[in-house]
1. Test of understanding: among 190, 184, which residue is at pLDDT 95 or above and within 10 Å of the ligand (Cβ to nearest atom)?
2. Tally the residues that are away from the ligand (no atom under 13 Å from the Cβ), of a type in the set (D, E, K, R) and assigned to a helix (DSSP H, G or I), restricting the search to the range 122-158.
3. Could you grab me the full set of residues in the range 1-23 that are at pLDDT below 90 and more than 14 Å from residue 59 (Cβ to Cβ)?
4. Residue 222 is checked against (1) polar (S, T, N, Q); (2) over 21 Å from residue 97 (Cβ atoms); (3) within 15 Å of the ligand (Cβ to nearest atom) and fails just one. What number does that condition carry?
5. Would you pick out the residues in the range 189-208 that are closer than 18 Å to residue 113 by Cβ and either crowded, with 24+ Cβ neighbours inside 10 Å or not assigned by TED's automatic domain parsing to the domain that holds residue 91 (or both)?
6. Enumerate the strands (runs of 3 or more DSSP E) found wholly within the range 209-277, keeping only those where 1 or more residues are touching a Ser or Thr at 6+ places or on another chain (Cβ under 7 Å) and at pLDDT below 95.
7. I need the full set of residues from the range 63-78 which are within 15 Å of the ligand (Cβ to nearest atom) and out of contact with any helix residue (DSSP H, G or I) (no Cβ under 9 Å at 6 or more places or on another chain), in order please.
8. Which of the following residues is among the hydroxyl-bearing types (Ser, Thr, Tyr), more than 10 Å from the ligand (Cβ to nearest atom) and closer than 20 Å to residue 211 by Cα: 97, 81?
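The values are calculated or read from the model by the stated rules, or taken from the named source; none is laboratory data. Quick caveat: nothing in here was measured; it's all calculated off a predicted structure. Positions of Cβ are backbone-derived with ideal geometry, glycine not excepted, and every protein chain shown enters the neighbour counts.
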Amino acid sequence: MKRTRKVMEIVDPGEWVALREDDGRAYLLQKTPGEVKIKGLGRFDAAQLLDGYSIGDRIIVGQKSLTIVKPTLVEARRNMSRRAQVIGIKDSGFLISWMGIGIGSRILEGGHGSAGLAMHLASVMGEKGILISVESRPEHAIVGKENMERLREILPEFPDWYLFEGDFRDSRDTIMNICDSMDAAIIDIAEPWEIVPIVEEYLRPGGKLACYCPTTIQLEKSWEAIEECGMIVEWAGEMIERKWTKASKGGVRPGNTPIGHTAFLIMGAKISRDDEE
Ligand SMILES: C[S@@+](CC[C@H](N)C(=O)[O-])C[C@H]1O[C@@H](n2cnc3c(N)ncnc32)[C@H](O)[C@@H]1O
């Protein structure tokens, strides 16, 4: 059978690439002239380094042999700066699928922190989506914004994203001016139950609300708050991940380092309470 030759995609000036180690570690790099310092790789001129290389090529940088790949959310996450504790892949993926978040969704999140969750949200919402993030601590907002702006350059589409720097309780006018009805909201702050009633107001009928609760007390209080404002709890619990490895003497088996507890998740839906006359 005749094998067709792969068309090589030369890395364009200004393009972002990821240099991937075989174990999955990756470094994000933009092909622009001038010296850059990339943690783990060293200092170099990225335009000179990538000159003549294509996506899929192998490249040597210092002592490392790397594959040049198109960056995605995965590489952006591995390279993100972190300040506050982030929501990881395990919980982000579940929340997104369970809450029906996708192209064109209108989503509210508080707090934004380092944008761990927001990066996952942005990657599935497309350019028609609206994402409103609220963050009360300026030093966290800076890190989150940096991570989101880099992701914006990497993804083919990015939602209409707003970052409100302030307390969620003071964000009503700002949120309503952008979008008066949201499809879903995810709360990841220490006292989620305090803002559940505020968030409920923004949701459309059928809209979903989730709280990310590291402790059982947070879960219980959020549960009560969701029910007190007339919403229905649709799912509460935790996602448990168990990774398998290849054993040294053959066979595959569960690994020795499972991901422990991250948080309990609780998801509710807004329903209509008015019966037809
Ligand atoms: C655990 S972090 C959020 C992490 C984020 N979900 C992620 O995946 O990267 C919690 C954030 O909520 C912020 N926060 C706490 N109370 C808040 C409030 N009332 N309004 C807005 N942000 C708040 C904190 O400053 C902190 O950055």
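1. Values: 184 fails: within 10 Å of the ligand (Cβ to nearest atom).
So the residue among 190, 184 that is at pLDDT 95 or above and within 10 Å of the ligand (Cβ to nearest atom) is 190.
2. Residues in the range 122-158 being away from the ligand (no atom under 13 Å from the Cβ), of a type in the set (D, E, K, R) and assigned to a helix (DSSP H, G or I): 4 in total.
3. To start, the set of residues in the range 1-23 that are at pLDDT below 90 comprises 1-9.
Residues satisfying the conditions are 1, 2, 3, 4, 5, 6, 7, 9.
4. (2)
5. Start the filter on the range 189-208 by keeping residues that are closer than 18 Å to residue 113 by Cβ, which leaves 189-192, 194-195, 199.
Within the range 189-208, 192, 199 meet the criteria.
6. On the way: elements: 232-237, 244-246, 252-254, 264-269.
Qualifying strands (runs of 3 or more DSSP E): 252-254.
7. So the first thing to find is which residues in the range 63-78 are within 15 Å of the ligand (Cβ to nearest atom), and the list is 73, 76-78.
Scanning the range 63-78 gives a single hit, 78.
8. Working: 81 fails: closer than 20 Å to residue 211 by Cα.
Only one candidate qualifies: 97.
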